[in-house]
Amino acid sequence: MATTKQQLVIVLLGPTASGKTETALDLAEKLNLEIHNIDSRQLYIGMDIGTAKPNKEQQERVKHFLIDICHAGARHRYWHAFCYIYLM
């Protein structure tokens, strides 16, 4: 019987500035994971105020995906953003 490798996915939910980023960083470092962002505003380049976007130091600690990938005026759909992960 063939076995398949299962991937670990941890989802953190909560309001802005509730500590999700630091928790995600700690978990990612301890479990050797990457962070895949699905915040609807952190996708946008330059939209840093009010989004609690991880700063440069935090992004350097652990590889992040889907932060600063498009301009606020650009048309996009979330599935395009998720596909972007696999093109990096």
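Throughout, read-outs are computed from the coordinates displayed, never taken from laboratory work. Predicted, not measured: the structure shown is a model, and the values here were computed from it. Glycine also receives a Cβ, built like all others from the backbone with ideal geometry; neighbour counts cover every protein chain displayed.
Take the Cβ atoms of H36 and A72, set R0 to 30 Å, and the FRET efficiency comes out at 0.90. Straight-distance candidates among the lysines for linking to K56, with alpha-carbon spacing under 17 Å and chain neighbours fewer than 8 residues away dropped: K20.
As a rough footprinting exposure proxy, the listed residues L66, L33 were ranked by other beta carbons within 10 Å of their own, and the order from fewest upward is L33, L66. Peptides 51-62, 6-17, ordered by how many other C-beta atoms sit within 10 Å of their residues on average, highest first, read 51-62, 6-17.
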